[in-house]
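These notes are about the structure you will find just below.
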Amino acid sequence: MFNKIDIANMVFEGVSRSISIAPKFCSKIKHKSSPCIICYSLCPAEAVTIGGPGETIKVDWDKCTGCGICVSQCPAQVFRLRHGGYRKFIDNLSRSITSRGDLVITCSDNPAYSRQTAVVDCAGIFNVVDFIVLYLHGASRITIKYGLCMECQSKNGRQILEQEIKLLEQLKTIFEDLNDLEIIYESDNIRIIFPKQLPIIQPKEEEKPNPTVNRRGMFNFFKNTLQESILKSADMITVENLEDRTKIDFSHEETARRKIFLDSIMSLGRIKRLDVETNNLFNNIVIDETCVYCGMCARFCNTGALYINDERTEITFNPSKCISCRLCERACYHNKLHYKDTLNLKTFFQDNVLVSRNSERITISDMKTFDV
């Protein structure tokens with residue numbers, strides 16, 4: 001049980017932190033055999049520690065550099081941006097787009113940036129989805145300037161950025177509107193030059209209080225502001241101060257970045273080919289016909305991409321919801337589920353039946369295979 005001093009200390013220690021953590025969506029917390037090691041393998045400060053199933057995630061905030069690599073690379077978005085979240089992050093960057101469509105971004109350690117430059121803590125915070133979204137917000141020419149990467153504590157930032165740029169180049173082979181996409185690699189920056197400008201999504205204007213409110217309105221404003229501050233401060237209490245063990249959460253949630261990606265590709269127009277190689281954005285799954293319909297794959301799926309009906313006679317898969325965490329593959333104890341190398345985009349937004357059987361075939365042994 002925390003006393004008032006403990007809570008106050010946790011709140012004030014967390015004020016400058018820009019990342020919150022949702023352990024319940026971590027595949028390592030859900031399943032001991034999860035293959036995911038992204039966050040702690042890429043963390044330049046080795047600040048992330050993940051417990052076993054039902055435990056929690058701990059971050060050494062004294063070591064954390066605030067680079068945001070965990071935010072951009074975690075497929076389940078266990079690590080999330082605070083203070084307005086992902087949408088506000090994009091809106092803030094969009095305000096630096098010039099009338100000609102130029103957007104210059106650099107890290108905070110770059111000594112040569114101007115007032116017109118958008119500043120981030122590290123280039124590693126960017127995901128391929130971000131560049132598509134910024135394009136739709138009017139950025140036809142994006143320049144990411146490197147800082148002192150070789151001397152920086154967030155040493156993996158440049159590597160992560162270039163990895164995401166390669167994914168962007170793969171999208172060029174799929175969407176006609178990206179035919180003329182050009183990527184220019186230079187010693188101190190990367191330039192992304194998009195083709196013809198698509199309809200622009202305007203960033204939301206920040207709401208400002210009315211300076212001429214009456215007395216009651218003023219008190220309501222202070223009340224709401226205080227309430228918002230308290231809620232934000234409560235969110236800043238770090239997860240390592242909570243219980244070390246919690247009940248495993250099997251709820252499903254689509255990530256904000258994934259939702260925005262799906263909305264964005266709808267604006268990219270016609271596709272050049274239907275069969276594409278699978279990657280972090282486009283995935284496909286196959287289940288062997290000898291599946292026992294235990295439902296473990298669907299139960300462990302973070303986003304609800306896999307679904308088994310109540311009668312346990314059919315399993316469906318929606319590729320648009322899949323985030324490639326591969327937890328379903330490990331949760332299948334009978335080794336009946338596998339990822340495929342290709343995906344037909346006609347099936348991307350559909351609930352595709354992977355396996356189906358007649359209900360008369362269900363046996364007691366099938367239903368008791370696992371306690372689910």
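The values are calculated or read from the model by the stated rules, or taken from the named source; none is laboratory data. No experiment lies behind these values; they were computed from the predicted model shown. FYI the Cβ positions are ideal-geometry reconstructions off the backbone, even for glycines, and counts take in every protein chain you see. Accessible surface is based on the protein model in full, side chains and every heavy atom, while ligands, DNA and RNA are left aside. Shrake-Rupley method; radii C 1.70, N 1.55, O 1.52, S 1.80 Å.
If the range 19-92 were replaced by its equivalent ellipsoid, with semi-axes equal to the square roots of 5 times the Cα gyration tensor eigenvalues, what would those be, largest first, whole Å?
21, 14, 11
Give the accessible area for residue 19 in Å² (nearest 10); use a 1.4 Å probe, count only protein heavy atoms, and leave out ligands, DNA and RNA.
Surface open to solvent at residue 19 totals about 10 Å².
Pairs 172/196; 24/155; 24/58; 88/259; 30/58: which exceed 20 Å Cα-Cα?
Beyond 20 Å between Cα atoms: 24/155.
Across the range 134-143, in residue order, what do the Karplus-derived ³J(HN,Hα) couplings come to in whole Hz, using 6.51 cos²θ - 1.76 cosθ + 1.60 with θ = phi - 60° and x for Gly and Pro?
5, 4, 6, 8, x, 8, 8, 9, 10, 10
Looking at the range 22-64, which trypsin sites (Lys or Arg not before Pro) are DSSP coil and have at most 13 other C-beta atoms within 10 Å of their C-beta?
The qualifying sites are 32, 63.
When only the heavy atoms of the protein chains count and the probe is 1.4 Å, how do 46, 311 rank by accessible area, highest first?
Numbers: 46 140, 311 110 Å².
In descending accessible area the options line up as 46, 311.
Name the shape class, rounded, prolate or oblate, that the alpha-carbon gyration tensor gives for the range 251-310, where a ≥ b ≥ c are the square roots of its eigenvalues, rounded holds for a/c under 1.5, and otherwise prolate holds if a/b is larger than b/c and oblate otherwise.
Oblate, because a/c is 1.5 or more while a/b does not exceed b/c.
Cα-based Rg of the range 295-340 per 2.2 N^0.38 Å, rounded to two decimals?
Values: Rg = 9.8 Å, N = 46, 2.2 N^0.38 = 9.4 Å.
Compared with the compact-globule rule of thumb, the range 295-340 sits at 1.04.
Round to the nearest 0.05 the FRET efficiency obtained for residue 290 and residue 340 when R0 = 22 Å and r is the Cβ-Cβ distance.
That gives a FRET efficiency of 0.80.
Calculate one ³J(HN,Hα) per residue across the range 71-77 by plugging θ = phi - 60° into the Karplus curve 6.51 cos²θ - 1.76 cosθ + 1.60, and present them in order as whole Hz with x for glycine and proline.
5, 6, 9, 5, x, 8, 6
Can you sort 338, 31 by solvent-accessible area, 1.4 Å probe, largest first?
The most accessible residue leads, giving 338, 31.
Take the solvent-accessible surface of the protein heavy atoms, probe 1.4 Å, and return the percent of it on the range 278-362 that carbon and sulfur atoms account for.
Within the range 278-362, the accessible surface is 41 percent carbon and sulfur.
Please work out how much accessible surface residue 37 shows to a 1.4 Å probe, ignoring ligands, DNA and RNA, in Å² rounded to 10.
80
Got a number for the accessible area of residue 89? Probe 1.4 Å, square angstrom, nearest 10.
30
Can you list the HN-Hα couplings for the range 278-288, worked out from phi with the Karplus curve (6.51, -1.76, 1.60; θ = phi - 60°), rounded to whole Hz and with x for Gly and Pro?
For the range 278-288, the Karplus-derived couplings read 6, 7, 5, 9, 10, 10, 8, 10, 10, 10, 5 Hz, x marking Gly and Pro.
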